[in-house]
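Reviewing the structure listed below.
The values are calculated or read from the model by the stated rules, or taken from the named source; none is laboratory data. Keep in mind the model is a prediction, meaning the values are calculated, not measured. Here the Cβ positions follow ideal geometry from the backbone for every residue, glycine too, while neighbour counts run over all protein chains shown. All accessible areas refer to the heavy atoms of the entire protein, side chains included, with ligands and DNA or RNA removed. Shrake-Rupley method; radii C 1.70, N 1.55, O 1.52, S 1.80 Å.
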Number of protein chains: 2
Amino acid sequence: MPVKKIPETTISRLFLYLRKVTELSKLSMKRVSSAELGESLNLGAAQVRKDLGYFGQFGVSGSGYVVTELKEKLSKILSKHKTFNVAIVGTGHLGSALLAYSGFEKQGLNLVAAFDTDVNKIGKQLQGVEIESVSDMKDIIKEKKILLGIIAVPAKGAQDVADILTNAGVKCILNFAPKHLNVPEEVKVRDVDLSRELEMLSYFLGNGKKVKL
Amino acid sequence: MPVKKIPETTISRLFLYLRKVTELSKLSMKRVSSAELGESLNLGAAQVRKDLGYFGQFGVSGSGYVVTELKEKLSKILSKHKTFNVAIVGTGHLGSALLAYSGFEKQGLNLVAAFDTDVNKIGKQLQGVEIESVSDMKDIIKEKKILLGIIAVPAKGAQDVADILTNAGVKCILNFAPKHLNVPEEVKVRDVDLSRELEMLSYFLGNGKKVKL
DNA sequence: ATATTGTTGTGATTTTTTTCACAGATTTCG
DNA sequence: CGAAATCTGTGAAAAAAATCACAACAATAT
């Protein structure tokens, strides 16, 4: 395999292409050009082609990409067929909203456990999942072979939770706490930092690009 | 004003520095070096200095940055003193969780309106905010001078909502719908695409970096 | 058949972002 | 005080990512 290193930004765009191409396939569109693919995503045609190019050549000169074929290839590249077990830590407002989120299954993710420290919550069910104690987390994660952990606890406890998760063998973390997590190199973390997003927007509102001290 | 163009990534890191420096100031630490600042954030010292360098020079050779001073400067740069009005559109699980989120005030954001299309919800209160009809949205946004809109509706309706928002004068959008929004150039959008985050992680779980077709 | 048009794949170029590296300033220590 | 250690600010270099530009090929029109 000619393993060129693929930029993470490319991977991330691939999902957008897959979405789009799925949409197009529902509309029974046969073919699509790189320009069309990029258009509504505000991406240049060259960008699209380069991204796809990392994975071999499945376009047809002169007529673009065959929608169904592209969809299938992207699906395969992006491992949309595999499934993994997931745990949520923290069942506050955000954690609960996530438990109710229907998108997990679509991504091949089985939400099989939820944890909290609040004794009033432990034992209760939420969206068909029983809330268990964080103190039992390590064992349960190992037992259920959970590979992906979602952290939805306050910043203060986030690093501790991350430590337990990685210790128990979790490979990826989706972190909602506004706190940078230090984890072993082989563990992949993605941050969803709501606080920072709001701050960024607030910054743009306040500065409209120009900076004054 | 020597308006060098400042990378958005820099701005985004500035918030992390501010967080850190706020923490340090609570610990009564007097000074901090670029190396220390970057350390727990996995950022190099040079990166930190360069980021701060965009806004003038407020470090002291040989001894680093004065914590309180840096905190204040960052605060100022990042417009942490100004406040703006915010509306949430969509009061499902996610929207409700957001309404309950306490972080808005901290960012100087006043959550002053919530909208939904569901007639059963309209008129009810959620976290002290009355849910109003999307059909009245345009007027209310203008009237309350709302500059930031948060979209927490399904992908299908997201573009329509974005259109109404921008039309009513909203300057920034925080978009939770898994859909790319087309908006006028002067409007700033930030996407929080949960679906894509999960997909990305799922990809890493499945591929552990290497790609096979 | 041949010309024309449309579109891919990719090397080259440009732009953006990060990292390096070091002069010059400050503090500390003997 | 003078030497050694610590840091910043920043130009230069490197790395990463996006964009350009064009040869090669396919489809369509004449």
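Values for this structure:
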quantity: Qualifying residue in the stretch A:71-78 (condition: away from every other protein chain (no Cβ under 13 Å) and within 16 Å of DNA strand C (Cβ to nearest atom)); calculated: yes
quantity: Verdict on A:K188 being in contact with a helix residue (DSSP H, G or I) (Cβ under 6 Å, 6 or more places away or on another chain) and either of a type outside the set (S, T, N, Q) or in contact (Cβ under 8 Å) with a residue 60 or more places away in the chain (or both); calculated: yes
quantity: All strands (runs of 3 or more DSSP E) inside the stretch A:112-191 with 1 or more residues being within 14 Å of chain B (Cβ to nearest Cβ) and crowded, with 18+ Cβ neighbours inside 10 Å; calculated: A:146-151, A:172-175, A:188-191
quantity: Which numbered condition A:L194 misses (of (1) more than 10 Å from chain B (Cβ to nearest Cβ); (2) of a type outside the set (F, W, Y); (3) open to solvent by 30 Å² or more (accessible area, probe 1.4 Å)); calculated: (1)
quantity: Condition broken by B:S33, with the remaining ones in (1) surrounded by 14 or more Cβ atoms within 10 Å (Cβ to Cβ); (2) closer than 24 Å to B:G108 by Cβ; (3) out of contact with any Pro (no Cβ under 8 Å at 6 or more places or on another chain) satisfied; calculated: (2)
quantity: Among (1) part of a strand (DSSP E or B); (2) more than 12 Å from chain B (Cβ to nearest Cβ) - the single one A:Q47 does not satisfy; calculated: (1)
quantity: Tally of residues being within 12 Å of DNA strand C (Cβ to nearest atom) and assigned to a helix (DSSP H, G or I) across the stretch B:26-35; calculated: 2
quantity: Any hit, the stretch A:52-65, residues being in contact with a Ser or Thr (Cβ under 9 Å, 6 or more places away or on another chain), within 14 Å of another protein chain (Cβ to nearest Cβ) and near DNA strand C (Cβ under 10 Å from one of its atoms); calculated: yes
quantity: Among residues of the stretch A:64-74, those that are open to solvent by less than 40 Å² (accessible area, probe 1.4 Å) and over 19 Å from B:E199 (Cα atoms), counted; calculated: 3
quantity: Single match in B:G95, B:G108, B:G56, B:G64 (criterion: in the same structural domain as B:K144 (by TED's automatic domain parsing) and on the phi > 0 side of the Ramachandran plot); calculated: B:G108
quantity: Those residues of the stretch B:89-103 which are buried (at least 20 other Cβ atoms within 10 Å of the Cβ) and either within 11 Å of another protein chain (Cβ to nearest Cβ) or modelled with pLDDT under 95 (or both), in sequence order; calculated: B:L94, B:G95, B:S96, B:A97, B:L98, B:L99
quantity: Odd one out for B:D51, checked against (1) among the charged types (D, E, K, R); (2) in contact with a strand residue (DSSP E or B) (Cβ under 7 Å, 6 or more places away or on another chain); (3) open to solvent by less than 40 Å² (accessible area, probe 1.4 Å); calculated: (2)
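Residue by residue, here is whether (1) in a loop (DSSP other than H, G, I, E, B); (2) of a type outside the set (D, E, K, R); (3) within 16 Å of DNA strand D (Cβ to nearest atom); (4) open to solvent by less than 10 Å² (accessible area, probe 1.4 Å) holds:
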site: A:K5; (1), (2), (3), (4): yes, no, yes, no
site: A:T10; (1), (2), (3), (4): no, yes, yes, yes
site: A:K20; (1), (2), (3), (4): no, no, no, no
site: A:L37; (1), (2), (3), (4): no, yes, yes, yes
site: A:L41; (1), (2), (3), (4): yes, yes, yes, no
site: A:K76; (1), (2), (3), (4): no, no, no, no
site: A:A87; (1), (2), (3), (4): no, yes, no, yes
site: A:E105; (1), (2), (3), (4): no, no, no, no
